[in-house]
Structures are given as C-alpha cells and as structure tokens.
Amino acid sequence: MAIQEKGSVRALALVGPTSAGKTALMEALLQATGAADRRGEVGDSSPEAKARGHSVELNLAGFDFMGDRYVVVDCPGSLEFCAELDAALPAVDLAVVVAEPDPAKAVLLQPTLRELERLGVPHALFINKMDQARGSLQELLEALAPVSSAPLVARQIPTWDGDKVSGFIDLALERCFVYRPGEPLQAEIPEDLRDAEAEARFHMLEQIADFDDELLEQLLSDVMPTRDAVFADLVREMNQGLIVPVFFGSAANGFGVTRLLKALRHEAPPTSQAAERIGITEGAYVLKAAYAGQSGKLAYARTFGARLSDGAEFVLPDGQKRRAGGLFSVQGAALKKIAQAPVGDICAIGKVEEALAGQILSTTGQPQSGKADGRSRRPLFAVALVARNRNDDVRLSGALSKLTEEDRGLSLTHDPEARQILLAGQGEGHVRLALERLKRRYGVEIDTEQPKTPYRETLRQAVTQRSRHKKQSGGHGQFADVTIEARPLPRGSGFVFVSKIVGGAVPRQWVPAVEDGVRDGLAKGPSGYPVTDLEVTLIDGQTHSVDSSEMAFRTVGRLAIEEAMKQAGTTLLEPIEKLVVYSPSPAASNVTSALTARRGQILGLGPREDWRGWERIEAYLPQSERQDLIAELRGLTQGLGAFEADFDHMSELHGRLAEEAGKLAREGA
C-alpha cells in the first residue's frame, strides 16, 4: 500500500480519447462522494466546450472520500488540444486512462499511453460504458495489449445478466459485486463463473510475478500468496510503471465508480513521487496560467513540500520575487477564496503575472528550475490574421499575447516579407478556438487568410548587361555606368557578388554601392518574388568627375540587374519541405495517396520506432500544399495522425501553378 503524507491531497488526471467519457467519470466521482448534487454541475463550462460537446481545456475539481482529499484534472482528449496536458501530466500522482469497450477503438489510446510512459506517470485503465459492451473482456484486452508497453493486468472480470454486464468479480479481493445505484451490492461468486474467476486470477498473479521472484516461486510451488502480498505487488508495480491495472464500469450509471475510488485511496502513489518527478522541493508547480476576467491572470498550480498560504513569497526560475495576491480553491468554473492550500492540492494563485505553465514558484527562497522537459509543440496549421477594424490593432496585439501565453500549443509570428501576422496551432479546430476566444473575451473580430508561400525566382540563363544612369536637374547631376555579368547558381547558393574592376573604372569606394543596388533589384523579380541563387560580377564601368556619387552607383546597380532579369528571364522556385508523417498502419496507404495527390514525393515508409501498429512515412511536399494537410491526415487516421515538417530545398515551378503564384504576387503588390 502506498504511504501518503499525512494531510496531503492526491491528484489524478483523467485522460483518453474524445468521447470516452472522461468528464462523465469526473462527474460520477464528484456525485458519488457528495461533492456535486447532480451531473453537469462542475463539468465543461466554457462556451467553446459546450459548443463542441467535449473538453477543450483542463477542468479542475476536488472531492473528499473516506477522510482523504482528492483533486481531479479532467483533460481534453483531442490531439488538437493536447498542449493543455504538457505541463499538467507530470505533476499528478496517477493518470486514469478512460476508454470505450470497443476493440476497434483500442488504437485511439496509444498516443495517450505513450505520453504517460515517456513522462513516467503511473496509470490505470478504466473501461467505461461497460453497460454497452457486446464482446468478451478477453477480446478487448487482446486488442488493447499492443498499444501499451507495460502489460495490462485485468483486476476484474464482468458478470452478465443475459447480454448485459450486471457486475464484476474483483480478482484481488476474490469477491463479487452486483451493480446498484450508489454502493454496489456484494454477492457470492456465481457457480458458473468460479472456474473463470480462478483462471483469470491466476493469470493476474502470473503477470505480476514477472516482476517478483518470490511470488513466482510461490506459484511454481502451488503456494497461493496472501491477499496482502498480492495487493502490495499490485501497488508497487503500478507505481513503478511496470503494469497497467484495468478496471471497468459505467460512469453514466455510477457503476464501478466506488471500486475505482477505493483503488485510488489504497493504491495511488504518494505526492512525494510526483514531486521527485518534476524536481520540486517546496513551492507551487504551475499546471496552467490563464486570464480569468476580473480576477486577472491566475496560475493554476499544485502545492508541494509545505502548505501554501495566501501572501506567500515566491521566487521565480529567473530569480524574480513575487507575492501571491489571492489564493482560491477551484471547482470547475467556481473559485472560492481560501487562506491556505494543503500539500498536494491544486489551487489558483493570483497576481503572479510572470507565471507560466511548467514553472516552479519556489517558496524556499531560492529559484527551482525543475525537471520538466519544457516541451514545445510544433505548429501544424496556421492562418494569417487581419483585424476587421483597424482601430482594434493595438487591442488585438495584447489579446493575442495573452492567448499564446496561456496556451502553449499556439504560436504567434510576424512574417515581414509577406507582411502577415501568423497564428499557428495544433490543427484547424485549435486555431478556430483561439479566434472564438478572441471575440468572446476581448471583443476583437478577425478576418483570416491563407499564409503566403515564400516563393523565389532565379535566372534562367547567364546574361551580360550594361546600364547607365544619367540625370541632370541643375547643379550637380547624377551619373553612373556599369557592366555586369549575371549567371544562375546551384540551388541553395543564395546571392554572390564579385568585383573584377581594374584600372579604377568604378572607384573602389563605390563598388559596395553597386552591390547594394543589385540587392535592391533582387528584392522583387519579374514575377514579384525575391530573386536568389545567382552570381553577379561587376566587370566594367564609367564615372563622371562631378556627377558620379554613391547614390548614382546604387541606382545604376538596381537598374542593371532589373534589365538583366528581363533579358535572361526568371524561373519560379517553390519551397519543398521534408515531412515525417506518423500514421496507424491500416491508414498508411491512404496517407501516402493523400501526400501524392498533393504533389508529394514519398521517400520511404517503415515501422514507427517502438510503436506497434504504426508507420513512419517520409516525403517531400511543396510548402503550399501543407496548409490543410493536418485536417485531411486526421480524417484518415481517426484523429491520430501527426507530422513534422522542415524546409529542405527549393524546386522549380512551371505551368499553371507558376502563373497562379505570379498572379497572387502581383495582386498583393
């Protein structure tokens, strides 16, 4: 049995795919313990969550059970909103992975389980909606087994009334329970299930004996271990991440909830284990920072090491000192001012404006950086933003800063070349959510457009060009004459300028002005895009003793390259990215077809390392074709697909697509 620090609070996260019933399970836990009178009292409360019918942000609540205090972190299930979990998951004591009893949906759990394994967070599996199950538990467990690195250990087997699950047999306790509203009714193990129970229990013991030599020896000697020894092994092995215990029930009906509560009470790891994982000795670890209307910015944090008092002084990781300006308990959307928060509790802290998710607010007097990996998620979808009302530009800037500060999955960049502000996120739905919040919270309405592709141009052939700039308008005039040679270079060479002037045809001090002028001319080629991958050589020139100047030679340098490009012609170049796409194996062929349809070039396909049943696809893809790729990819992979994209090279673009790109540049000029 796990030894919990006296008076401290245990924290559990509810994770798993969208529609598995995580919020329903949280509400069932609250209702079973008297923390809520009815369903829906504490669940998803934001307008965005209600409109979508599922969680889009962390939802926090607490309850008391048999004299102990617990806090629940209900997590979004969609990969679109996965960044919400990055800072929160490392800080909980136990994660309960909620799943549906459908073998076909087993693969949906794999990203969640992999992340928990990566973080080293102990976790258990709760098969929800068992009242809707129509297959055997064994079939379900066989489908689930490949998605978990650690063995899944069934702690219960169902009992049936016709074709419906009517209760369960607890294999560790060797007791039968019949589902009833509220407390389940204990009953005798049915005679027709005694052999199945004995077989399932022995299999459970064999699984945990893989990590306990003494238990293995007992089983080989036909010696049945004591119940206490079995429980001790189950607790230790789950806490160490060696096994994943499996429970089941129905959150909607409250079935299996009491048994889950008792397992949490006796088996969840102590708070000190989470403290060690994130590297905190004393203080508050920030799960999430958010702006909460009139309350200003709040840091939702878990306390470690000692009780946290309102007014406590924090030392931030950079050494700054700040004082807590308000301490609040959190129950869904409801905040209640409190004087203290016990060890392990999750509370909201006010007036610490610099607090960010994943940080430690130290109360030791010294900064603590912690062990959190500071994971930053790469954006997968972006839009360019334009405020409908120009008067909103300043307000838009402040609002976007707040949104990206509280949501680590969002990023905001300014593209000076395209003159666009880009908001990027983990998918189209994620970015749309941010725009909805912009309107609701800050009253800023936004028009969006597609991010511009950074096309380039290059010379088609070598050319020699002589140009003269002569201007007389009274007094000193302007005169410069140059001859240049321009030739294309291999892809990725950029721009090279060479001077071969001899005899002072162009005075040395004005050669840099010619280069600057050439660079000015290369900023926009005939098709409207910057010109690259060429070498320009200054080979001759003429000057005037009075009218030549730095400005004149800069001007003639620009004229020379512009006339050279018209004479030689240019070819449009488009950026090509190298993509690494991750897909469940059954969808891999459809994914490769989708990439090919977007002018992609498949480079290779093979198994994803350490992910059974997944493929890793490498491909070249034009950047212009990637804009809505994530939506199509997720549609092909039950919402699981993901990719990483990096610029690789520029490639020539011809025909209709090149004409359309040139038209876009001219229209945007």
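Coordinate-derived values only; no laboratory data. Just so it is clear, the structure is predicted and the values come from calculations on it, not from any experiment. Every residue, glycine as well, gets a Cβ built from its backbone with ideal geometry; the counts of neighbours run over all protein chains shown.
If you average the alpha carbon positions of region 287-318 and of region 190-261, how far apart do those two centres end up, in angstrom? Between the Cα centres of region 287-318 and region 190-261 lies a distance of 40 Å.
For region 427-513, which trypsin sites (Lys or Arg not before Pro) pass both filters: DSSP loop (anything but H, G, I, E, B) and at most 13 other C-beta atoms within 10 Å? Filter output for region 427-513: Arg460, Lys500.
Counted over region 99-254 with a bin width of 10 Å, the fraction of Cα pairs per bin, in whole percents, is 10, 38, 37, 14, 0. A straight Cα-to-Cα reach below 24 Å connects Lys500 with the lysines Lys470, Lys566, residues fewer than 8 places away in its own chain not being considered. Checked against a 27 Å cut-off, the cross-linked pairs Lys297/Lys337; Lys337/Lys439; Lys471/Lys663; Lys351/Lys439; Lys288/Lys337; Lys22/Lys578 give Cα-Cα distances beyond that limit for Lys337/Lys439; Lys471/Lys663; Lys22/Lys578.
What is region 573-668 by shape, rounded, prolate or oblate, if you read a ≥ b ≥ c off the alpha carbon gyration tensor as root eigenvalues and call it rounded for a/c under 1.5, prolate for a/b larger than b/c, and oblate otherwise? Note, shape of region 573-668 comes out prolate. With neighbour counts taken as other beta-carbon atoms within 10 Å, the residues Asp318, Asp547, Asp415 rank, fewest first, as Asp318, Asp415, Asp547. 3J(HN,Hα) along region 629-640: 4, 4, 5, 5, 4, 5, x, 8, 10, 6, x, 9 Hz, from the Karplus curve 6.51 cos²θ - 1.76 cosθ + 1.60 with θ = phi - 60°, whole Hz, x for Gly and Pro.
Which semi-axis lengths, in whole Å and largest first, follow from the square roots of five times the eigenvalues of the Cα gyration tensor of region 279-362?
For region 279-362, the ellipsoid semi-axes come out as 17, 14, 11 Å.
The residues Cys82, Cys347, when put in order of fewest to most other Cβ atoms within 10 Å, stand as Cys82, Cys347. Would you mind pulling out the separation of the Cα centroids of region 94-167 and region 416-495, in Å? Rounded to whole Å, the Cα centres lie 53 Å apart.
Counting only DSSP beta bridges whose two residues both lie in region 456-568, roughly 75 percent are antiparallel.
A Förster radius of 41 Å, combined with the Cβ-Cβ distance separating Arg599 from Gln509, puts the computed FRET efficiency at roughly 0.25.
Taking the centroid of alpha carbons for each part, region 552-613 and region 374-404 are 27 Å apart.
With R₀ fixed at 41 Å, the C-beta to C-beta distance from Gln638 to Lys262 puts the FRET efficiency at about 0.75. Working value for region 430-483: equivalent-ellipsoid semi-axes of 53, 23, 6 Å, each the square root of 5 times a Cα gyration tensor eigenvalue, largest first.
Taking loop as defined by DSSP and a crowding limit of 10 other beta carbons within 10 Å, which GluC sites (Glu not before Pro) in region 597-643 fit? Passing sites in region 597-643 are Glu609. Report, in degrees rounded to the nearest 10, the 0 to 90 angle that the Cα long axis of helix 194-209 makes with the longest principal axis of the chain. It is inclined by approximately 50 degrees.
Please compute the volume of the convex hull spanned by the alpha-carbon atoms of region 10-274 and report it per residue in Å³.
Hull volume normalised by residue count: 126 Å³.
This ranking places Ser585, Ser549, Ser250 by how few other beta-carbon atoms lie within 10 Å of each, fewest first, which gives Ser585, Ser549, Ser250.
In terms of its C-alpha gyration tensor, region 381-449 has a rounded overall shape, because the principal axis ratio a/c (a ≥ b ≥ c, square roots of the eigenvalues) stays below 1.5.
With the biggest extent put first, the Cα atoms of the chain measure 110, 56, 45 Å across the principal axes. Amide H contacts under 5 Å for Phe248: Ile127, restricted to partners 5 or more places along the chain or on a different chain, H placed in the peptide plane at 1.01 Å from N. Run the paramagnetic zone check for His649: 7 angstrom along Cα to Cβ, then residues of region 570-601 with backbone nitrogen under 11 Å. What the label zone holds, given the 11 Å backbone N cut-off, is 576.
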